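The values are calculated or read from the model by the stated rules, or taken from the named source; none is laboratory data. On a predicted model such as this, the values are computed, not experimentally measured, just so you know. Cβ atoms come from the backbone with ideal geometry, glycine included; neighbour counts cover every protein chain shown. What goes into the accessible areas is simple: the full protein's heavy atoms, side chains included, and nothing from ligands, DNA or RNA. Shrake-Rupley method; radii C 1.70, N 1.55, O 1.52, S 1.80 Å.
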Amino acid sequence: MGITDKIQGIFGKKEKNVLPANNKNNVAIEVDDLVMEFKVTKDKIDTLKEYVIRTLKRNKKEKEKIRILDGISFKVYRGERVGILGFNGAGKSTLLRILAGIYEPTEGTIKINGKVAPLLEISAGFDKNYTGKNNIYLNGAFLSMDEEYLDSKYDEIVEFSELGEFINYPVKNYSKGMKSKLGFSVATAINPDILIIDEILAVGDIKFKKKSSEKIQSMMKDGVTVLLVSHSILQIKKICDKCIWIENGKIVMEGETKKVCDAYVKSSKKK
Amino acid sequence: MFDTFAEKKFLLKQLVKRDLTSKYKDSVLGILWSFFNPLLIMLVFTAIFSMLFGRSIENYPVYFLSGRLIYDFYNAGTKGAMNSIKRNAYLLKKIYVPKYMFAVSSICYEFVNFLISFIILFGVMTITGASFHLTSIYAVIPIFLLVILIFGIGLILAVCNTYFSDVGYLYNVFTLLLMYASALFYPIEIVPSSIQILFTLNPVYSAISCFRESVVYGVVPDFSTLLYLAAFAFTVFGIGIILFKIYEKKLVLEI
């Protein structure tokens, strides 16, 4: 327990406990009975001809539906750091994508209070023919920052990315590491209330890896709500104060990090 | 996400800029092609058809160009919006962006092109000694209605084309038909009067004829034509918005 206490001290957990944790106004994320289904047909009908023919033949085949999430409900209070556990295909990433607004759930509701920074696909918005500089603005726009804000953050982003002169070169000439450095620098330039992370983004070389995880930690220290998907139990134990374990689209267990993690590890050994 | 107007405005600006730079990225002349394209097409049509229709049309280059600019804007704007969702599929699956922004930005981009090509029209009118009229101000009305029409059609097509890609191919044929039914390069008088009624039902032709009346002929555009165009445009606009609102959230699952 000694180590946990130390870590909790680092992350300022004590401050959080001062807040009335069950106050309604302090809910950052509320997910209620979330269901997500994807339609899967073995051969997708995407031309009008096929559609008409199959309708006429009454052979439209009931589209198979796959339920990725099946009635998930939970609440995350402001300032909480919640880890999401589960084996591959459990529905963790889908859940994060719904919370990031990419997918619309089939059923159920989600309520989010505050500005979200999704650190999911950090270099998705890059235009490879643009220079690094133009890409900062383009990507910033995709992450819903406005011009004024980006102007004020621009120097900080460039400095953090360590790209120096290369910022004026087209991104297509960047190495993979440089690209993710830039993506990370832009994505973390937001001052979010809620941070959604799919695997801690430790990108670049050793030096930058350290810097980027420090950056995330400093964001967390400011009382940001965190939702973290990770396969690293160590990381989850270090960061999160609450855990949700998802299996086949359902919540198996929810509660204190240590308890959930232990149960999760135990179940993985059984199989 | 995207709650304030400033955020949306900035995204729109960035998307239009991206379209402008990516379109001409490997060309030497770059954005100058926005000038040359209509100019060269006009020269070709003038060379071929002024012999045929030159006698019945006064100042053929201006007649053709004034129609062609409107048709080009309609054609490129609706097609841009139609393909906007598919073109940005990879992005829509990875980050949250309001989907209509892509349709809006591609129409804005075509509008910028349209405005640039006015310089060509102005130049050709000056060179050919056409007279300029104060009534040109009225051209703002059909252009505004045309923009509304393009938004409506574009949104409808964006939804349909995402579900069925045949819509795109069909629409390509349709716009060809539309071009011939818009009296771009021939005088409307050569069409039998029974078929001329069909032309008056074509909203793009309505926009072209109102535009020509105010800019080329120096008269106030026909009120009933404008009214028809307005009714058509706003109806389509309404349908487009409703349809897009219904399907917007499901589009990501279809691409």
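So here's what we get for this one:
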read-out	value
Test for A:V171: is it touching a Lys or Arg at 6+ places or on another chain (Cβ under 7 Å) and more than 20 Å from B:A6 (Cα to Cα)	yes
Count of the range A:244-257 residues which are out of contact with any Leu (no Cβ under 6 Å at 6 or more places or on another chain) and either at positive phi or not charged (D, E, K, R) (or both)	8
Matching strands (runs of 3 or more DSSP E) fully within the range A:78-145 where at least 2 residues are more than 30 Å from A:D241 (Cβ to Cβ), hydroxyl-bearing (S, T, Y) and more than 13 Å from chain B (Cβ to nearest Cβ)	none
Set B:F2, B:F64, B:F36: member being away from every other protein chain (no Cβ under 14 Å) and surrounded by 16 or more Cβ atoms within 10 Å (Cβ to Cβ)	B:F64
Identity of the residue in the range B:19-33, charged (D, E, K, R) and free of Cβ contacts under 8 Å to residues at least 24 places away in the same chain, that ends up farthest from the other protein chains (Cβ to nearest Cβ)	B:K23
Tally, over the range A:174-200, of residues that are of a type outside the set (V, I, T), closer than 19 Å to A:V158 by Cβ and within 15 Å of the chain's Cα centre (by Cα)	3
Failed item in (1) part of a helix (DSSP H, G or I); (2) open to solvent by 20 Å² or more (accessible area, probe 1.4 Å), with B:G129 passing the rest	(1)
Residue in the range B:242-255 that is nearest to the other protein chains (Cβ to nearest Cβ), counting only those that are touching a residue at least 12 places away in the same chain (Cβ under 8 Å) and within 17 Å of B:V97 (Cα to Cα)	B:V252
Qualifying positions in the range A:236-270 - open to solvent by less than 90 Å² (accessible area, probe 1.4 Å), touching a residue at least 40 places away in the same chain (Cβ under 8 Å) and assigned to a helix (DSSP H, G or I)	A:I236, A:K237, A:I239, A:T257, A:V260, A:C261, A:Y264, A:S268
Every pair of residues 6+ apart whose Cβ atoms lie under 9 Å, when the first sits in the range B:169-188 and is over 22 Å from B:F49 (Cβ atoms) and surrounded by fewer than 18 Cβ atoms within 10 Å (Cβ to Cβ) while the second is of a type in the set (K, R) and modelled with pLDDT of 85 or more	B:N172/B:K79
Matching residues in the range A:94-124 - criterion: being at pLDDT 85 or above, open to solvent by 40 Å² or more (accessible area, probe 1.4 Å) and among the polar types (S, T, N, Q)	A:T106, A:T109, A:N113
